Every structure is written in structure tokens, then in C-alpha cells.
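See structure below.
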Amino acid sequence: MSTTTLTHVQSRAALPAGLTVAATEIGGAALLGAFLLAEATPMVLALLALMGGLFAALQLRPLIEEEILRAFHEARGLATVLAVTIVLIYPFFLGGNTYALHLLIVSLLYSVLALALNFQLGSANIPNFATGATYGIGAYTSALLAIHLGWSFWATLPAAAIVATVFGFLLGIPSMRTRDSYLALVTIAFGIVIHQMLNNLSWTGGPNGLVGIPAPSLLGHSFMQPIELFGFRLPSQANFYYLSAALLGLAILSAKRLHESRVGLAWNAIRADELAAKCQGINVVWYKILAFGVDAFLAAFAGTIYAFYISYISPDNFTFLVSVTIMTMVIVGGMDNTLGVILGAFLLTMLPEKLRVFSDYRLLFVSVVVILFLILRPKGLFPQRQRHYGGQ
Amino acid sequence: MTAPLLQLSGLGIRFGGIVALDGVDLTVAPSTITCIIGPNGAGKSTLFNLITGIYRPTSGTVALQGEDITGLPAHRIATRGIARTFQSSRLFEDLSILDNVIIGMHGRTRTGVLTALLRPKASRRELGACAKQAETILRGISDELHARRYEPAGILPQADRRRLEIARALASRPRLILLDEPSSGMDDRDTAALMADIRRVMADNPGLSFLIIEHDMRLVAELPDSVVVIDYGRKIAEGAFAEVRRLPRVQQAYLGQKAVEHA
């Protein structure tokens, strides 16, 4: 008897759930597209106001968020298929606008970096100010391997990840002797040391950086070439767009799997209370070092793609400011919430670009917008949610 | 005869010149409740921190079922089968009640980062099984906690926080549970419920022992099999509560020399 009631309820809710999912995803993609293509300042401001209004609505009416989440949970399959489809066809809607594609690629790479840092800052509350440095180590490792040893892009990817992870562990081990603000200081120092080394060593090209990183190719298709498909022609940036999107997909999958495992729980326990975590049998030192390793691993992937995309890297791409920006993305987006972190990364990558009319006051304006969003949503755009088990 | 569950021999620690605990011997048998009493600052919580590996003793040994565990890091001792609660309860406030209990199972689950990434099914299955067990444990402790299992632990009132801490301790399937002032901040009714909880947990888990630091004399009089009195970092008495309370040196420790003389 209860089974029939259940199926009845589900079938009744199935259609609205699918509709809610489709409306949310398509609406979100359209909003992003409009923002990417908006050039007139009034348009940009109007879109920002619209986003602010949406978040205010979510804050005032928590039921809307619950409803959307429920719909996504019910129509998981549809949500994934639709999301992948949107990502795949997205460049076709940008009308060959290479600048919009470029912004999108940088946003995707920063999303990966923010997700990498989220393993530490969001999950385990480790204030790591060196994500920019591990990002740089990844970029330099792959660039050096490609320029001097002629390695292909695909071979440098894992190599850079391994080298950066080793550095991550190297940073993690001394960091374990400190905590909180002191730990933050150690990571800041590490970031500065790396930046200075890149700046002063001769084999890293010094302040001039490394030039002429060869474009990757896949199955004979060079990433310098535009993509031609069904009579459509996508600019060459589209290659890197798909690559970055695939990397972000990998990062999301890793974040989800770790979050929904014993490892994610252990990190959360350490964040909440380190001493109590120890007394539950959690090897706090190991889990913290592990977080450094995972962060470095993902950041190196992003670094490699960045190096090959721009084909020129210099120490100034990997400064302390980059680390702070990544950290702000995690905090503004919402600690330990994948969607929130990605949104934070997109917002903070695109805002400074879209507000160029304010020229010198641009960063001031970005800060004001960030503060406004944090007033609307004090715990970040999408804060952490409780885990549920057994399909609930 | 088999080795006792817990055996402390000559256990001591000094912080610089201060001897916080000195030459404490203590034996805990399986399926027993031992209460540790003593004035504030006597070294009771320090003793717990030594047993659970938060501090390293400067002298003496700790043995669990005959195995030396002196100086092991806290997480290893927890995995060996000693669980504890804290004087001011330390829950994972922003995590759900259920997650708090599941984290208690960390020591006896295995998923590592590679399994989580590459074999998500195995990882999810393990955590799913943990969630089921955690629900059973919660239901055994309190129906209300079970009903509220997806709410964050931080919003619970004091008595429920203690219950949840005990549930989390049970989740590791320990052989010994250390409770640090479990009745602090509880009224008489909550304390009675706490004692009932402890007795029920003992009945459900044969072999499990409790070591309890307590100030509430009603609990100390009723619950334990034996009482240990600590003063100025030394064990000054041990035995049944009815006998221990009559010892002059125990009265002295609690009431002072003069009061005892006038009594």
C-alpha cells in the first residue's frame, strides 16, 4: 500500500522536478552568457543587480532553495545530462566572441583552483595562502618539460601534478608544527619563496618567464586550429575551453567523491575540533598533509593548462595576490560547497574584467560588490549543507 | 588470570617544575565502572589526558589488555579501544548529529583517498553501512536524537550533548570509555537519566568498562563498583564509596584539615 502511495507521489512530482531543473540550468547558463557578452556598463550593472536580487530572494525565502535542491535530487540524471549538453554547446552561442571564451576559460581554471583550495580551507579549515605558488609550480614544471625536453602536453600533465604534489607535501610537513595564523604565515612565506625563486633562477627565465610553450594537439588536431564542426566554426580558444571544462568536471567529481567519503568527514571533523577529532582515531597530521597534497595536485593541472593556453608564463602570474584571490573565491562562494565555490570563482574572475570602465577604481568596486554579496548571503553564496545517507 | 583491561603503573607527568601527577597506579577490570573523584585541580583530567595520549607521561606506563600503549599518539590509542568525552563537551558543532556518530567509527573503517576517488561505490557502501550503524546507536541512546539526526549538533541542549558524546564514543566499539564530568550542568532528572544510560550501555556491551570523573556525589554513591580518590596529583584512596568516604585523608582532601578535626 505504502509503495503505491510513494510511486504516486513521485510520479506527480517528476514533471515539476524536471521542469525546475531545466529552468534553473538554462536560466543560469543564459544569465552567464548575457553577462559574458554584456559590454555596456548599464547592462553589466543591471545583470549584477539581477543576480543580487536572486540571492536576496534565496536568502529571504529559503524554501525556494530547498525546492530547487529537491528537484535536482529527484531528477539527478536529467540534471547531469542537461548540464553536460549545455557545457558542450555553450561556445556555439557566444558567436565567435573570443574575449568571452577567454574569460570563460580563465573562470574555469580559477574554479579548479578554488575547488583545490576548498579541500583545505573549506573542508579542513587550513588557511593555505600558497595555492598560487603550487599553481605556478605546475605551470613551470610542464612548461620546462615541454620547452627543454619536448614532452607533449599530455605527458606533462601528470608530471606537473606529481612535482606539485611533492611540493605540497614539503609545505605540509613543516606546516604541521604550527596552526591557525602561524600556519597561514608559513604558507605565505612558502608562496613568496617560490615567487622569488621563479624570479631569480636563470633556468626559470627569471622575471621574463618562459616563452614559446608549444600548443598541445590531440589526434592530429592542433589546439592552435579552430574547431570546425557541422559547418560551424569555433575559434581556437574553444579547444582550451573544452579542456578546462573537462578538468573542472574532474575536479567536481573528485570533490564530490572525497566529500562523500570517510576522508571528507575526517577533514570536517578536524575543521570543527582538532582535539576531539584526534580522540576519534583520526590521524590529524596525516589528513592535513593529505589536504596539502590534493590541493597541489589539482592546482598543478590548472597551471599546466594555463601555461599551454597562454603559451607564455612569468612569475607575476603566480603572486601572493593570486592566492588571496583564490581564497576570496572560496569564502564568497561558500565554504565546502562545490557549486558555491565555482560560482565564487566565476564571479570574482569576471567582475574585474566587466568593470573595466571604472579603470583605477575597478578593484575598489569589485570589493564593494563582494561585500554586498556577503551582506546578502553572510555564509557565502551557497553555504555547506549536511550530508544525507541512503538516498534521502 | 587474564590481564586487566587497563593498568596504570607509576604514571606521572611534570610540566616544567610542577608535578601534575605522580606515581598513580590503577587497575580497571572488564565490565566495571570506576569513578575518579578529588578536589578541583587534583589532576583528574590530566590523568585522562595521559591515558588517551593527549599528553605523554614523563614516568610510568599505561597498558591496555596487557599491551603497552604508553606515549602512543592519541589517534592510535583511540583506535586501540579507548574512547572519551570531554569536561566541556566537544562535539563537531556544524556537522549533523548523525555525522558526529559516524566520525566515531573512523578508527575501524578503511577508505583512503585513492579508494574514495577511484572506487566510489566501495567508499559509499562503507559510509552507508556506517550511517545505518550510527542510526542504530542513536536510537539505542535516545529516540529524540535519532529523530533529529540530520540537524547540526551545535543546537543541542546540554543533556543531549552528553548523550551524543556517549553515542559517538560507543561508535568506535571501545573496550573502555572515559567520561569527564558527564553530569556537569545537568539537573537531578538528567543525572538520573545519565546513570540509566550508562547502565543500559553496560548491559548492551558486555566487557565494556567506564572510567568516570565525577563531582556529583549522588552519582558517585550509586553507580561505580569502586572509587579512586586523587589529591595533589597522587592517588590517596581506592575502594567502595561507602568505605572511601569515611577515610580521614579523603575528608581532609575535600574539607581541609581543620574541618576534619572539628567533625
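The values are calculated or read from the model by the stated rules, or taken from the named source; none is laboratory data. Keep in mind that what you see is a predicted model, and the values were worked out from it rather than measured. Positions of Cβ are backbone-derived with ideal geometry, glycine not excepted, and every protein chain shown enters the neighbour counts. Quick note on the areas: whole protein, heavy atoms, side chains included, nothing else; ligands and nucleic acids left out. Shrake-Rupley method; radii C 1.70, N 1.55, O 1.52, S 1.80 Å.
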For this session: When a/c is below 1.5 the answer is rounded, else prolate if a/b is larger than b/c, else oblate, so apply that to region A:63-138 with a ≥ b ≥ c taken from the square roots of the Cα gyration tensor eigenvalues.
Result: oblate
Seminar exercise, completed: Classified through the alpha carbon gyration tensor (a ≥ b ≥ c as square roots of its eigenvalues; rounded if a/c is under 1.5, else prolate when a/b is larger than b/c, else oblate), region A:277-392 comes out oblate
Seminar exercise, completed: When every protein chain stays in place and a 1.4 Å probe is rolled, B:160, B:143 sorted by accessible area with the largest first are B:143, B:160
Exercise. Once a ≥ b ≥ c are taken as the square roots of the eigenvalues of the Cα gyration tensor of region B:123-217, is the result rounded (a/c under 1.5), prolate (a/b larger than b/c) or oblate (a/b not larger than b/c)?
Worked result: oblate
For this session: May I ask for the net charge around residue B:61, where only other residues with Cβ less than 13 Å from the Cβ of residue B:61 are counted and Lys, Arg are +1 while Asp, Glu are -1?
Result: -2
Seminar exercise, completed: Relative to chain B, whose Cα atoms define the longest principal axis, helix B:188-204 and its Cα axis are tilted in degrees, nearest 10, by 70
Exercise. Just how much of residue A:65 is accessible, in Å², when a 1.4 Å probe is used and the result is rounded to the nearest 10?
Worked result: 30
For this session: Filter the trypsin sites (Lys or Arg not before Pro) in region B:58-116 to those in DSSP coil with at most 16 other Cβ atoms within 10 Å of their Cβ, and list the result.
Result: B:110
For this session: Take region B:93-155, drop everything but the C-alpha atoms, weight them equally and run the Debye formula without solvent; then report log10 I(q)/I(0) at 0.13, 0.21, 0.22, 0.24 Å⁻¹ to two decimals.
Result: -0.38, -0.83, -0.88, -0.97
For this session: Among A:91, A:49, A:372, flag the residue with its Cα farthest along the positive direction of the charge dipole of chain A, charges on Cβ as +1 for Lys/Arg and -1 for Asp/Glu.
Result: A:372
Problem set entry | List A:151, A:267, ordered by accessible area with a 1.4 Å probe, largest first | A:151, A:267
For this session: Report the net charge of residues surrounding residue B:215, where surrounding means a beta-carbon distance below 13 angstrom and charges are Lys +1, Arg +1, Asp -1, Glu -1.
Result: -2
For this session: Measure up A:379/B:44; A:256/A:379; B:44/B:132 against 29 Å on the Cα-Cα distance and list the ones that go over.
Result: A:379/B:44; B:44/B:132
Exercise. Put a dot 7 Å past each Cα toward the Cβ at residue B:119 and residue A:68; how far apart are the dots in nm?
Worked result: 3.8
For this session: Could you look at chain B and say what percent of its accessible area is carbon and sulfur, using a 1.4 Å probe and all protein chains?
Result: 51
